[in-house]
Amino acid sequence: MSKRYLLFLRDVLIYTFTAFGGPQAHLSVLLREFVHKRKYITEEELMELNALTQMLPGPSSTQVVVGIGYKVGKVPLAVMTFLVWIFPSAAIMCAAGIGYKSLSAGAHFTDIIRFIQPIAVGIVAYATYSFANRFLTSKLSIMLAVGSAIVTLILRTPYAFPLLILLGGIMSSALETRPQEDELRQKLFSNVNPNKISYFIGVLLFFAVLGTIINRTSPFSLPVRLFENFYRNGIMTFGGAQVLVPLMYTEFVALKHYLANTEFLAGYAIQQALPGPTFAFTSFVGSVTMANQGYTIAGQILGALVAVIGINMPGLILILFIVPFWEDLKKITRIRNSLSGINAVAVGFMFTAIFLLAKPMGLNWVSYLIVVLTFVLLKFTPVKTPLIIIAGVLIGWFL
């Protein structure tokens, strides 16, 4: 491996431990360190990669840094970039999941984290507000958001999510796109090997249905089902972790009861206080899910590994497949316009999640006050999420 590649991986590792604040903050760090300082790519290339990830399902920050790795050293370096970027946070969250199950047996620990749960609800509420303010800009987008929220509240099934996302993308693409020239589309697909497209789609679909071809009584059934669950969520998560969290909560807590409400929100709060990819939160979910089903520490580690691989694989495959012909793809307006409908539907999911997340708080006015206070701090002050979470832990510790 060349010295340039090693330096690049070193910079990715440093980036992993300093990337706080979500995709927007991550982008500013990449601009400073990878563009202006190291000159791995140009500013224009970085902005185009970021725009591309907004059109794709999966973890946007991960896809951007993997895309940079691809531009620097093609597929081998891109894969190594992914491992260096994801492993530290995933390992910490796996350890947090294992430790949480041990600590949660103590009553004092429950008292310590009692303020973390409403803080987490406030964080999700602020993310929902931010998404709504950004994406609900037309009558169509508002209708799609309201409709998706109502449908998911009524049906309460994870299989409604992909159907609604597909419907939202089709409607916004059809109603907001002007006719495009046929030559442009022909140019795009003339540059892509049909066999490569077939292989790419086949890989995605194979793993999407893998959980259904394994007998549920198999000793490997839970890990395989978990992989299918996380992989499916990875395929339909447009908008990053703000959308992933509501989807996962609905499926893993409200419907399948793999985790308790307190466990899920505590894990999310822990992840918000850490640097690196927010999608590493899935490591905690996988670990605690396995523990709740009676698995040992080895099983919890397996659950964390399955979760991280499953949630990231669709996005990783997509970014490595699309980057080589992005120059043509970005010119097709119909593809770009489908994103507005997809994001509108995602906002509806987030509104549903707020209702489901707040429901276990009952009529506890203190919890709702903390939710409002968290929202106000994030909206009107420069206070960052990790500081709010740390303050919540300290208050729970001393009160």
Worksheet item: Could you give every pair whose Cβ atoms fall below 6 Å, whose first residue belongs to the range 2-21 and is on the phi < 0 side of the Ramachandran plot, and whose second residue is open to solvent by less than 60 Å² (accessible area, probe 1.4 Å) and of a type in the set (V, I, T), counting only separations of at least 6 or pairs across chains?
Response: F8/V72; L9/V84; V12/T81; V12/V84; L13/V84; A19/V29
Discussion item. Can you confirm whether E33 is touching a residue at least 60 places away in the same chain (Cβ under 8 Å), surrounded by fewer than 18 Cβ atoms within 10 Å (Cβ to Cβ), part of a helix (DSSP H, G or I) and among the acidic types (D, E)?
Written reply: no
Worksheet item: Among all residue pairs at least 6 apart or on different chains, which show Cβ distances below 6 Å where the first residue, located in the range 286-308, is closer than 15 Å to G99 by Cβ and the second is open to solvent by less than 10 Å² (accessible area, probe 1.4 Å) and among the β-branched types (V, I, T)?
Response: G303/T289
Worksheet item: Could you list, in sequence order, the residues of the range 358-376 that are more than 17 Å from V245 (Cβ to Cβ) and open to solvent by 50 Å² or more (accessible area, probe 1.4 Å)?
Response: L363, N364, W365, V366, Y368, L369, V372, L373, V376
Worksheet item: Of all residues in the range 261-289, which are under 24 Å from I154 (Cβ atoms) and either over 18 Å from the mean Cα position of the chain (by Cα) or among the polar types (S, T, N, Q) (or both)?
Response: N261
Fill in: Given (1) farther than 30 Å from A145 by Cβ; (2) surrounded by fewer than 17 Cβ atoms within 10 Å (Cβ to Cβ); (3) at pLDDT 85 or above, number of the condition K379 does not satisfy
(1)
Worksheet entry | Hits in the range 45-95 (condition: open to solvent by 20 Å² or more (accessible area, probe 1.4 Å) and small (G, A, S)) | A51, A91, A95
Worksheet entry | Close pairs from the range 72-87: first among the aliphatic types (A, V, I, L, M), partner surrounded by fewer than 18 Cβ atoms within 10 Å (Cβ to Cβ) and part of a helix (DSSP H, G or I), Cβ under 7 Å, at least 6 apart | L77/Y5; V84/L13
Discussion item. I'm checking my understanding of the structure. Among residues of the range 47-106 that are of a type in the set (K, R) and farther than 16 Å from Y15 by Cβ, which one is modelled with the lowest pLDDT?
Written reply: K101
Worksheet item: For G299, which of the numbered conditions (1) assigned to a loop (DSSP other than H, G, I, E, B); (2) modelled with pLDDT of 90 or more; (3) surrounded by fewer than 19 Cβ atoms within 10 Å (Cβ to Cβ) fails to hold?
Response: (1)
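The values are calculated or read from the model by the stated rules, or taken from the named source; none is laboratory data. Since the model is a prediction, treat every value here as computed from it, not as a measurement. Backbone-built Cβ (ideal geometry, glycine too); neighbour counts: all protein chains shown. All accessible areas refer to the heavy atoms of the entire protein, side chains included, with ligands and DNA or RNA removed. Shrake-Rupley method; radii C 1.70, N 1.55, O 1.52, S 1.80 Å.
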